[in-house]
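Below is one structure, written out as C-alpha cells; the observations come after it.
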Amino acid sequence: MLKAELDRMEKKEIITKVTRPTDWENSIVIKEKPNGTLQICLGPRDLNKALKREYHPIPTLEEITPSLAGFKLFSKLDASNGYWNVKIDKESSNLTTFNTPFGRYRFNRLPFGLKVSQDVFQRQIDETYQGCKGAIGIADDIQVHGKDETTHDLNLHEAMEKTRQVGIKLNADKCVIKAKECKFFGIIYSAEGVKPDPTKVEAIRDIKEPNDKKELRSFLGLIHYMGAFIPKLADHTANLRDINKDDV
C-alpha cells in the first residue's frame, strides 16, 4: 500500500524522487484515513526545531459568528488534502526530503507535519477569499452564505472563481451546496441563529474525568470553545482553573 501511494503522489507531482545527497532527511508518519487510503505525513522532528513559525492568526468564534449567523442558505467547499494545495519552492522542497524503504523523496507541495504548515495554508486561504463577499475559510473548510438564493448564488460563484484562479482542488464528496444550516468548527449556523453541534455537546458529556493536568487542560479547552452556550462558565470552572495553575 505504501509503494502504491508513493507512486500515486509522484504521478500527481506532489512528491519527487531524490537521488542526490541532501542536508536534511526526515522520517515519515503513515496514517490510515477512514476510507482505507493512506496519508503520508512528514515526521520532521529536527527540521521543526530549526523552522520559525510566522504565526498567522486563525479566525476566532467571535469573529466568525457575525459573518454566518442569521443567513438562510449555506454552501461548504472542502479543499482536498488541504496543505497540498500550496506549492513550495525548490529550496524549501529539499528540506522536506524523506526516506522510505523504496528510496528518498521530497515534497513539491506543503506537507502535513511541518509546524509552519497550518500558518502558511491559513494565510493562503485568507488571501484567496478576503475580498470575496459571503465567504470565510478556516483550514480546508470554506463556508459560503447568503441572505437569499440570489445573493448566495452570486457569492458561491465568486468563491468558486477565486478557488479556480489559485488552483485549490476541491473534494466533491465533502462539498455541500445550498443547505439551510452549516456546521462550522463545532457550531451550527442557520436563519434561526446559532447553536452548538450536538456531537460536540455529547463529547463533553461523555468525556472521562481528567487524571492529570494535561487531560484537564484539554477538557478546559473543549468547554471554553463552547463557553458562549454555557451560562456562568467562569464560576463553574473556577476550581478546575485553580488546579490547573503551574504552582499547584
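What follows is calculated from the coordinates using simple rules that are stated; it is not laboratory data. Worth saying up front: this structure is predicted, and the values here are computed from it rather than measured. Neighbour counts run over all protein chains shown; Cβ positions are idealised from the backbone, glycine included.
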* Asked: Reachable lysines from LYS17, Cα under 16 Å, same-chain residues fewer than 8 places away excluded?
  -> LYS3, LYS90
* Asked: Which of the listed residues, ALA203, PHE121, PHE107, is farthest toward the dipole's positive end in the chain, when Lys, Arg count +1 and Asp, Glu count -1 at the beta-carbon?
  -> PHE107
* To do: Report, please, the projected area of the stretch 197-244 averaged over directions, based on the convex hull of its C-alpha atoms, in nm².
  => 3.3 nm²
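Arrange the peptides 72-80, 53-61, 161-169 so that the one whose residues have, on average, the most other Cβ atoms within 10 Å appears first.
Working: 72-80: 20.7, 53-61: 12.3, 161-169: 14.3.
The peptides rank, most packed first, as 72-80, 161-169, 53-61.
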* Asked: How large is the dipole of the stretch 197-244 about the Cα centre if only Lys and Arg carry +1 and Asp and Glu carry -1, each at its Cβ, rounded to the nearest 20 debye?
  -> 120 debye
* Relative to the compact globular guide of 2.2 N^0.38 Å, what is the alpha carbon radius of gyration of the stretch 147-230, as a ratio? -> 1.51
* Asked: Once you list every other residue whose beta carbon is under 12 Å from the beta carbon of ASP148, what net charge do they have if Lys and Arg are +1 and Asp and Glu are -1?
  -> +1
* the stretch 82-167: which chymotrypsin sites (Phe, Trp or Tyr not before Pro) are DSSP loop and have at most 11 other beta-carbon atoms within 10 angstrom? -> PHE102
* **DSSP-assigned coil residues among chymotrypsin sites (Phe, Trp or Tyr not before Pro) in the stretch 137-196, each with at most 11 further Cβ atoms within 10 Å** => none
* Using a/c under 1.5 as the rounded threshold, could you call the chain rounded, prolate or oblate? The axes a ≥ b ≥ c are square roots of the C-alpha gyration tensor eigenvalues, and prolate needs a/b larger than b/c, oblate otherwise. => oblate
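Tally Lys and Arg at +1 and Asp and Glu at -1 over the other residues with C-beta under 12 Å from the C-beta of ILE207: what net charge comes out?
Net of charged neighbours comes to -1.
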* To do: Could you rank the peptides 207-215, 136-144 by their average count of other C-beta atoms within 10 Å per residue, with the highest value first?
  => 136-144, 207-215
* To do: Give me the orientation-averaged projected area of the Cα convex hull of the stretch 16-132, in nm², one decimal.
  => 9.8 nm²
